[in-house]
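Presented below is the structure to which this report refers.
The values are calculated or read from the model by the stated rules, or taken from the named source; none is laboratory data. None of the values given here were measured: they were computed from a predicted structure. We place every Cβ from the backbone using ideal geometry, glycine too, and count neighbours over all the protein chains shown.
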Amino acid sequence: MTAAADIQAARVAGARLARTEASAGQLPTAPPGARRDHLLVCRMVQPGSRVLDVGCGDGSLLALLRETRGADSRGIELSRDGVSDCLAKGLAVIQGDADTDLENYPDDAFDYVILSQTLQATRQPRTVLEHMLRIGRHAIVSFPNFGHWRVRFELGVRGRMPVTENMPHSWYDTPNIHFCTIRDFVGLCRELGATMDEAHALDAGGQPVRWHMPWWFWNLFGEQGVFLLRRG
Amino acid sequence: MTEHDVIDLKVAGRRSEADEPTSPVARFGVDEPLRLDAGVDLAPWQIAYQTYGELNADRSNAVLVCHALTGDQHVASLNPVTGKPGWWQSLVGPGLPIDTNRFFVVCANVIGGCMGTTGPASSDPATGRAYALDFPLVTIRDMVRAQAMLIDRLGIQSLFCVIGGSMGGMQVLQWAATYPERVFAAMPIATAARHSAQNIAFHEVGRQAVMADPDWRRGRYLDEGVRPRKGLAVARMGAHITYLSEPALHRKFGRTFQDRHAPTFSFDADFQIESYLRYQGMTFVERFDANSYLYVTRAMDYFDLAEEHGGVLARAFKGTPTRFCVMSFTSDWLFPTVESRALVHALNAGGGQVGFVEIESDKGHDAFLLEEPTLFAAARGFIDAAAAVRGLR
């Protein structure tokens, strides 16, 4: 199967899942101020699951998962301030590094391992993803799409490294060292033999790009990709 | 009265503190021996403790605070020997992270200590003299067993939280490993699941200093009315350096002279740091028993939680129901962060619910006893969240 066909299949499955859940009203009313990509991740998580958020920042996604999904929420975060914020929220978060600490977790320790807007900042994205698929029965990955038309415009027309709302850093001080496009990510999933249960592209406003659009449209107009994966 | 008379009075006070402490004490008779790892049944024996706050109706709000090497039960109230405030008065009290308005806080002197729990300075009922070296060697697990018998006697089945730093943290880990169902939440701070070779080495230097003092008298100094002041002071001076950090020492003392502007070309305490250490050694001797120092340092040396689980630390916590909050400090070289990380990895592998933060501080190992806003904030967050899950108001 080609990458395009893969995406198409996953998108159809994802859209179907999203539709059924929305109609069943399984996600309680979204708390005000919750990020759209966070809400999308919440929808992917079955209630009562064990969840590990890698690079969980101040713990807002974990807290949301706990509140809306009753998830047993754990996290790893690099920054001390982030960990302190999480502990103050009553979350079991440890200070650590996605690149070095995942290997210490046993197989199948979690139902979902989440990497939200962190993939591009890891030193070894492939290894990180492999560990996620090993530790969790599912992996959820969201990342900024380097194939978005504004990025292409900045690079292709203006000849500058792009600085956008989603990627606010200048090239010299960015923590993001491994950008990829939605197509690149799909390619990696195929290499790892991961199954894509859901794939979404979110536009600049965080709204899902309409699912029936062709794949090149996603890679051009999706500001970020959100994927639900599992081992092959 | 000469200076020595004053000190001797304090020594006499210490002696009575060992048998008749200025705090509540639970006494266990010959029918309730304390089974020690050394294979000895200690009886009769006693454990001295302090409590703060009120136990609630369903006995679910008890917090056990475990003290470090030279600490005692006076965690949040005036120390009867030194006259100084409690050693963790910054963390334990009304409105503080361990809020005595909400929680019933218990802190007990460890077995082998010298503040009222049975130890080498206590009177041996068989002879009427102090036990001295006739006292059996004790371990961290013995300390925890003794605490568990006290907690039983206080009518508490399950502790809401067990918290402690350094050797106190070792007891926290031992509690969680030995009595997982009795520990709802655990906060081991600046500690390790085993004592490192370097730390055993430092302790050995301290013990040798005590035993090299001619006034140690093979441990029988109390009978002979003397005390190994110099040896114990040197042990404390050496140990005290390990509780600090190079940057903190430099910030506090630098190369500043003490009450002078130039070197005296003698072995006087020319430098402020020398004078500070001598003071630390001297004051310690007045409040601590030398044999107790030998026993309690030895208990730390023997601590290796993985050992009783086939060398695999994760097994000590397999399926643990306890929620953990582990903390370390960046400049702590006695119990460095790598030890806490190993513990966190083991807890994770065992499926435990664990939070971990390394706190930025230049104050070394002692940071856990000092004003550290990040420590307080994290402790408050963790305890409040755990209390909510436990249904405590």
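Within the stretch A:132-150, restricting attention to residues that are in a helix (DSSP H, G or I) and within 14 Å of chain B (Cβ to nearest Cβ), the residue that is surrounded by the fewest Cβ atoms within 10 Å (Cβ to Cβ) is A:Arg134. When B:Leu133, B:Leu159, B:Leu173, B:Leu91 are screened for being of a type outside the set (S, T, N, Q), modelled with pLDDT of 95 or more and surrounded by fewer than 22 Cβ atoms within 10 Å (Cβ to Cβ), only B:Leu133 passes. When A:Leu188, A:Leu129 are checked against the criterion of being away from chain B (no Cβ under 14 Å), surrounded by fewer than 21 Cβ atoms within 10 Å (Cβ to Cβ) and in a helix (DSSP H, G or I), A:Leu188 stands alone in meeting it.
Taking into account only those residues within the stretch B:339-361 that are touching a residue at least 60 places away in the same chain (Cβ under 8 Å) and within 22 Å of B:Ser245 (Cβ to Cβ), which is farthest from the other protein chains (Cβ to nearest Cβ)? The selected residue is B:Glu339. Would you check if A:Val163 is part of a loop (DSSP other than H, G, I, E, B) and β-branched (Val, Ile, Thr)? For A:Val163, the condition - part of a loop (DSSP other than H, G, I, E, B) and β-branched (Val, Ile, Thr) - is met. In the stretch B:257-275 there is no residue matching the filter, namely being within 21 Å of the chain's Cα centre (by Cα) and either surrounded by fewer than 19 Cβ atoms within 10 Å (Cβ to Cβ) or modelled with pLDDT of 95 or more (or both). Looking across the stretch B:379-393, the residues that are facing another protein chain (nearest Cβ under 9 Å), among the hydrophobic types (A, V, I, L, M, F, W, C) and more than 21 Å from the chain's Cα centre (by Cα) come down to B:Phe382, B:Ala385, B:Ala386, B:Ala388, B:Val389.
So which residues in the stretch B:39-62 are more than 16 Å from B:Val110 (Cα to Cα) and either in contact (Cβ under 8 Å) with a residue 12 or more places away in the chain or surrounded by 19 or more Cβ atoms within 10 Å (Cβ to Cβ) (or both)? Show your work before the answer.
In the first step, residues of the stretch B:39-62 are kept if they are more than 16 Å from B:Val110 (Cα to Cα); the result is B:39-41, B:52-62.
B:Val40, B:Tyr52, B:Gly53, B:Glu54, B:Leu55, B:Asn56, B:Arg59, B:Ser60, B:Asn61, B:Ala62, listed by residue number.
A residue that is part of a helix (DSSP H, G or I) and either more than 9 Å from every other protein chain (Cβ to nearest Cβ) or out of contact with any helix residue (DSSP H, G or I) (no Cβ under 7 Å at 6 or more places or on another chain) (or both) occurs somewhere in the stretch B:328-337.
Applying the selection to the stretch A:151-185, what residues are surrounded by 15 or more Cβ atoms within 10 Å (Cβ to Cβ), more than 18 Å from the chain's Cα centre (by Cα) and within 14 Å of A:Ala121 (Cβ to Cβ)? The answer is A:Thr174, and nothing else. Among the residues of the stretch B:313-336, those that are surrounded by fewer than 22 Cβ atoms within 10 Å (Cβ to Cβ) and farther than 15 Å from B:Arg194 by Cβ comprise B:Lys318, B:Gly319, B:Thr320, B:Pro321, B:Thr330, B:Ser331, B:Trp333.
Scanning the stretch A:102-119 for residues that are surrounded by fewer than 18 Cβ atoms within 10 Å (Cβ to Cβ) and modelled with pLDDT of 95 or more returns a single hit, A:Asp111.
Sort through B:Asp223, B:Asp142 and tell me the only one that's in contact (Cβ under 8 Å) with a residue 12 or more places away in the chain, acidic (Asp, Glu), part of a helix (DSSP H, G or I) and within 21 Å of B:Gly113 (Cβ to Cβ).
Just one listed residue meets the conditions, B:Asp142.
For the stretch A:29-110, which strands (runs of 3 or more DSSP E) that fit wholly inside it have 3 or more residues that are more than 10 Å from every other protein chain (Cβ to nearest Cβ) and in contact with a Gly (Cβ under 9 Å, 6 or more places away or on another chain)?
Working: elements: A:50-54, A:72-77, A:92-95.
Where strands (runs of 3 or more DSSP E) fall fully within the stretch A:29-110 and carry at least 3 residues being more than 10 Å from every other protein chain (Cβ to nearest Cβ) and in contact with a Gly (Cβ under 9 Å, 6 or more places away or on another chain), they are A:50-54.
Does B:Phe324 fit the bill of being in a loop (DSSP other than H, G, I, E, B) and either in contact with a strand residue (DSSP E or B) (Cβ under 9 Å, 6 or more places away or on another chain) or within 20 Å of B:Val162 (Cα to Cα) (or both)? So B:Phe324 does not fit the description; no.
Taken together, the residues in the stretch A:111-123 that are part of a strand (DSSP E or B) and small (Gly, Ala, Ser) amount to 1.
Taken over the stretch A:68-86, residues that are among the charged types (D, E, K, R) and at pLDDT 90 or above amount to 4. Would you call B:Ser122 modelled with pLDDT of 95 or more, in contact with a helix residue (DSSP H, G or I) (Cβ under 7 Å, 6 or more places away or on another chain), of a type in the set (Gly, Ala, Ser) and surrounded by fewer than 24 Cβ atoms within 10 Å (Cβ to Cβ)? Criteria met by B:Ser122.
Among B:Asp362, B:Asp384, B:Asp366, which is the only one that is in the same structural domain as B:Val312 (by TED's automatic domain parsing) and closer than 24 Å to A:Gly75 by Cα?
After ruling out the rest, the residue left standing is B:Asp384.
If you take the residues of the stretch B:362-378 that are buried (at least 23 other Cβ atoms within 10 Å of the Cβ) and within 13 Å of chain A (Cβ to nearest Cβ), which of them is farthest from B:Cys325 (Cα to Cα)? Applying the filter and picking the extreme gives B:Leu375.
Can you tell me which of B:Thr82, B:Thr70 is within 23 Å of B:Asn291 (Cα to Cα), within 14 Å of the chain's Cα centre (by Cα) and among the hydroxyl-bearing types (Ser, Thr, Tyr)?
Values: B:Thr82 fails: within 14 Å of the chain's Cα centre (by Cα).
Unique residue meeting the criteria: B:Thr70.
Only one of these conditions is not met by B:Gly311: (1) more than 10 Å from chain A (Cβ to nearest Cβ); (2) assigned to a loop (DSSP other than H, G, I, E, B); (3) touching a residue at least 12 places away in the same chain (Cβ under 8 Å). Which number is it? Failing condition for B:Gly311: (3). Among the residues making up the stretch B:340-361, those that are surrounded by fewer than 22 Cβ atoms within 10 Å (Cβ to Cβ) and in a helix (DSSP H, G or I) are B:Arg341, B:Ala342, B:His345, B:Ala349. Kindly check whether there is at least one residue in the stretch B:284-305 that is under 29 Å from A:Ile76 (Cα atoms), assigned to a helix (DSSP H, G or I), at pLDDT 95 or above and of a type in the set (Asp, Glu). No, the stretch B:284-305 has no match at all.
Does A:Gly57 satisfy the condition of being small (Gly, Ala, Ser), farther than 27 Å from B:Ala314 by Cβ and crowded, with 16+ Cβ neighbours inside 10 Å? Spell out the reasoning first.
Values: small (Gly, Ala, Ser): yes; farther than 27 Å from B:Ala314 by Cβ: yes; crowded, with 16+ Cβ neighbours inside 10 Å: yes.
For A:Gly57, the condition - small (Gly, Ala, Ser), farther than 27 Å from B:Ala314 by Cβ and crowded, with 16+ Cβ neighbours inside 10 Å - is met.
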